[in-house]
1. Using only the Cα atoms of the range 2-82, what are the Rg and Dmax in Å?
2. Project the alpha carbons of the chain onto their principal axes and report the range along each, largest first, in whole Å.
3. How would you classify the range 80-202 from its alpha-carbon gyration tensor, with a ≥ b ≥ c the square roots of the eigenvalues: rounded for a/c under 1.5, else prolate if a/b is greater than b/c, otherwise oblate?
4. Rg and Dmax of the range 118-172, Cα atoms, in Å?
5. So in the chain, what percent of DSSP beta bridges are antiparallel if you round to the nearest 5?
6. When the Cα atoms of the range 80-132 are enclosed in a convex hull and the volume is divided per residue, what value in Å³ results?
7. Could you let me know the centre-to-centre spacing of the range 210-243 and the range 4-41, using Cα atoms, in angstrom?
8. Using a Förster radius of 25 Å, what is the FRET efficiency between residue 205 and residue 10 based on their Cβ-Cβ separation? Nearest 0.05, please.
Amino acid sequence: MKDSLFTVASQRRLTENVYEIRLKGDTSAVVLPGQFVNLKLDGFFLRRPLSVCDLEGDFLTLIYKVVGCGTEQLSRAEAGEKLQVLTGLGNGYDTALSGTAPLLLGGGAGVPPLYLLAKRLRAEGKAVSTVLGFNTVGEVFYEAEFRNLGCAVAVTTADGSYGIKGFVTDALPETYTHVYTCGPEPMLRAVYRKITTGGSFSFEKRMGCGFGACMGCSCKTETGYKRICREGPVLQKEEIRWED
Ligand SMILES: Cc1cc2nc3c(=O)[nH]c(=O)nc-3n(C[C@H](O)[C@H](O)[C@H](O)COP(=O)(O)OP(=O)(O)OC[C@H]3O[C@@H](n4cnc5c(N)ncnc54)[C@H](O)[C@@H]3O)c2cc1C
Ligand code: FES
């Protein structure tokens, strides 16, 4: 884990309320896809966690949806501005579990961490299938970016305005060797019920410290309590215990 100053290199709007921001700084603590960073924003006591979407040398790419005051403020950050960032947080996805034909399932703001994962899996020569799920056509982002990595890509929209009508679970390929997923909890539950292989599930929790000190993000699993920020955010299918 490292706390360092990053410079905003660029920022662009991907959809009405989703932004892609590129940050330049010391990325040495970022090792695995599925890890996250915690951003300090002026005027906010708690940092805001965002998944690493891409890593290229000194550059980190993050994609975030504007849902409240923190992300709204971030959307106004301009090139050259400085941000204090805690990097190298969370356990990340383990590509060794993938088998030869992994399936990546992302829903909305859960899509970003799957991009670096897809990149790593393609570099390892895996046949990667990806299903990206959104509510409607105007929310779709990164379809071309996943295709450019050489992934087989399907897009679902809940209202049928683009791609396959329905949820990511309506577009599963016939065969796959392991599932990696990130998205809203109802989606994760549906994926859990439907898949026939092992799976790595990335969870979101409201976070305090973001690095294991406050216990604010702990949750019950089949193997005891785990802190989503430290022993997660990725849990394996067999250790998940759903709470009603
Ligand atoms: C490990 C991790 C990785 C994440 N990665 C991404 C990402 O790549 N892209 C992205 O868009 N978002 C991601 N999130 C969610 C993101 O952290 C929140 O949307 C953000 O902190 C909201 O800040 P805010 O000040 O704008 O909203 P707030 O004013 O704090 O909250 C506004 C709304 O967002 C909800 N919210 C706030 N924080 C969270 C949270 N941690 N989890 C779920 N809902 C929350 C609140 O319940 C509220 O409804 C991630 C969260 C975690 C825990
Ligand atoms: S957020 Fe503090 S322990 Fe996880």
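1. Radius of gyration, then largest Cα-Cα span, for the range 2-82: 11.8, 32 Å.
2. So the three principal-axis extents are 47, 40, 35 Å.
3. Rounded is the answer for the range 80-202, as its axis ratio a/c remains below 1.5.
4. 11.6, 35
5. So the antiparallel bridges in the chain amount to around 65 percent.
6. Measuring per residue, one finds 116 Å³ for the Cα hull of the range 80-132.
7. The range 210-243 and the range 4-41 have Cα centres spaced 24 Å from each other.
8. 0.25
Every number in this text was worked out from the coordinates using simple rules, so none of it is lab data. The model shown is predicted, which means the values in this text are computed figures rather than measured ones. Heads up, the Cβs are rebuilt from the backbone with ideal geometry, glycines too, and the neighbour counts pull from every protein chain shown.
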